[in-house]
1. So which cysteines in the chain don't have a second cysteine's C-beta under 4.7 Å from them?
2. When only the heavy atoms of the protein chains count and the probe is 1.4 Å, how do F135, F221 rank by accessible area, highest first?
3. Radius of gyration and Dmax for segment 494-646's Cα atoms, expressed in Å?
4. Please turn the phi angles of segment 553-563 into ³J(HN,Hα) values with the Karplus equation 6.51 cos²θ - 1.76 cosθ + 1.60 (θ = phi - 60°), one per residue in order, whole Hz, x for glycine and proline.
5. Based on alpha-carbon atoms only, what is the radius of gyration of segment 141-292 relative to the globular estimate 2.2 N^0.38 Å?
6. Assign one of three labels to segment 342-395, namely rounded, prolate or oblate, based on the Cα gyration tensor with a ≥ b ≥ c the square roots of its eigenvalues; rounded applies when a/c is under 1.5, prolate when it is not and a/b is larger than b/c, and oblate otherwise.
7. Any chance you could run the full-extension gain for N41 through A313? It's 0.36 nm times the residue separation minus the Cα-Cα distance, nm to one decimal.
8. Rounded, prolate or oblate: which fits segment 210-326 when a ≥ b ≥ c are the square roots of the eigenvalues of the alpha-carbon gyration tensor, with rounded for a/c under 1.5 and prolate only if a/b beats b/c?
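The values are calculated or read from the model by the stated rules, or taken from the named source; none is laboratory data. Remember, it's a predicted structure, so these values are computed and weren't measured experimentally. So basically every Cβ, Gly included, is an ideal-geometry build from the backbone, and we count neighbours across all protein chains shown. Note: accessible area is taken over every heavy atom of the protein model, side chains too, but ligands, DNA and RNA are not part of it. Shrake-Rupley method; radii C 1.70, N 1.55, O 1.52, S 1.80 Å.
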Amino acid sequence: MTGAGNEARAMTTPAQTDAIEALLTEGRTFPPPPAFAAQANAQPGIHEEAERDYQAFWKSWADKLEWMTPPTQILEWNEPFARWFADGELNASVNALDRHVRAGKAAKVAFYYEGEPGDRWSVTYGELLDEVCRFANGLRALGVKKGDRVAIYMPMIVELPVAMLACARIGAAHSVIFGGFSPDAIVDRVNDSGCVALITADHGWRRGNKVPLKANCDEAFARGMPTLKHVVVAKRIGDEVNMTEGRDVWWDDVVRDQPSTCEPERMNAEDLLYLLYTSGTTAKPKGIKHTTGGYLTGVTATHKLVFDLKEDADVYWCAADIGWVTGHSYIVYGPLCNGATSVIYEGTPDYPDKDRLWEIVERYKVTILYTAPTAIRTFMKWGTQYVEKHDLSSLRLLGSVGEPINPEAWMWYHTHIGGGRCPVVDTWWQTETGAIMITPLPGITTLKPGSATKPFPGVQADLVNETGESVPLGGGGYIVLRRPWPSMLRGIYGDDDRYRETYWSKFPHLYLAGDGCKRDADGDFWFLGRIDDVMNVSGHRISTTEVESALVDHPAVAEAAVTGKNDDITGQAICAFVTLKSHATGSEELANALRDHVAEKLGKFCRPKYLTFTQELPKTRSGKIMRRLLRDIAEGRMLGDTTTLADSSVVAELQNRAKDEA
Ligand code: WTA
């Protein structure tokens, strides 16, 4: 597998070359509107100021948090392990809630909640604090304590941020598992970090269907999760679910009789706040570690400056799922630490109709909207009639995240959603970086459709070539980060070697993000997509090897190779090539059965869109699968160098089959 990974890590794929050429022709620029600039949180000179002393810059943001013991230290860098503000003590839930309540903002709305079926209510900072305290007390009563890990597998309901903050309050690290994952994914994640409790809900709503979250947990249990002692079940729908005596408890019973005050744990700045698993280049997901003080510093600073948040005027909406890092940093921790009023929406953009998002913007007079390019391309396809039905004049700033945004989608977003008046911030970052790293600062930065523009103040990013030398402006290369930043991952849970190997080994002293990127003559960054075996489908990171493992797990499959294929809507689509065992024959039925099998093993969002049966997979003479060649075939391109191919007839067969499919 290592060999195949290296082969796919070659600098630019042909698709990226096409992308570079397309981007080079993009010349439109959008200077900051003067009225926006005049009131912006970020003022000119901030990049230079941070550059003069980046540690002092970050410390000034750390000082805005509420500390139980204020830090005197800033950075301890024992490459690749960082400790930020390491003699400070604080509690994340106090920063998110208590501090605003004490400042007289108990009655301020923290979240406007919009359920998919149309149920809606709002939660104030005061109510949120009460709920967090009661649930934190409940967790303590169950025996959960500081230093434990707690898994959370929930739909987008208010109990989800409540559960996260309750964990933070008592010093237990949360590990949120996206509600679209399957039972196997729960088992892997719970067992990898030895979670003691699992918090879930009876069901969730998705496009009018019930997602059986509790039943998925039961299935996961049947496969073995020996460290789990308790399952707490919130009621979303109120249906009957199986409850196992002695193990499963209802959320309502956990909080009943609990007081609405709860002494927060004093946490060291470097104590674990959460784990979040993300796909890597192997089949085993990585438990990314984030600690308390640096993470809160990073998300608070970026949320305030990138989104220009005005605490008392804005209604902010990040339309992501809390199950991914975007939701952790920019639905929960960043906005709450900044005292924002936000929207949480449970469901999909097309339920009950394709104007749902715009209806929500109009209802709550949303001023800042943060979403993903996949969604924007989908809205483009649906057409402007859904947008035009609603008054979107409250919007003043738009954001994009999760994958490269193509200039046409950027322009459409700017014109049709932003009415031509709202700056669009294209924000590049990762689960590992914890917070936004490359981004415009609205009010300062001249925008270019398709470019994430410049590193955030204090961040030092660069592009390097295969030998690790900096690539001059105008060229493309691997994006690397040259110095530590407060919200950076502190490692991979239980696997320091993998942390070093994945991020710090290819180039000495440089953090390797795994993305290809180009920089123009002005020094603006243009992202080109992953350079490793990770696909980006609708903004979800999916490992090719994980999908391959799920396929070969099926009794009919001998071997499988998976690649991402360019897709107009989802960015990439999953494309699988499968060889069967001798007893099986390829048919449409079997192809669907294999797709379902992957969906069951990993989650529906991992279902391969394309699946081709083949007698052989193209391999090098040393037996490595040639993924790049498969991607060329999938995308119908002229093939590059195939001289290392062991059996050239394989390619002809594959090309024919892929054509039939398209
Ligand atoms: C991709 C999501 C281009 C990138 C926050 C990165 C982007 C991966 C952008 C991280 C962007 C994210 N432009 N690509 N603005 N934002 N990416 O961990 O490939 O789910 O490495 O974090 O998404 O995905 P993750």
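1. Result for the chain is C167, C195, C217, C318, C337, C422, C517, C575, C606, no neighbouring Cys Cβ within the cutoff.
2. In descending accessible area the options line up as F221, F135.
3. Cα radius of gyration and Dmax of segment 494-646 are 17.3, 59 Å respectively.
4. Using θ = phi - 60°, the values come out as 5, 6, x, 8, 9, 8, 8, 9, 10, 10, 9 Hz.
5. Cα Rg divided by the expected 2.2 N^0.38 Å: 1.01.
6. Here segment 342-395 falls in the rounded category.
7. My answer for the length gained is 96.6 nm.
8. prolate
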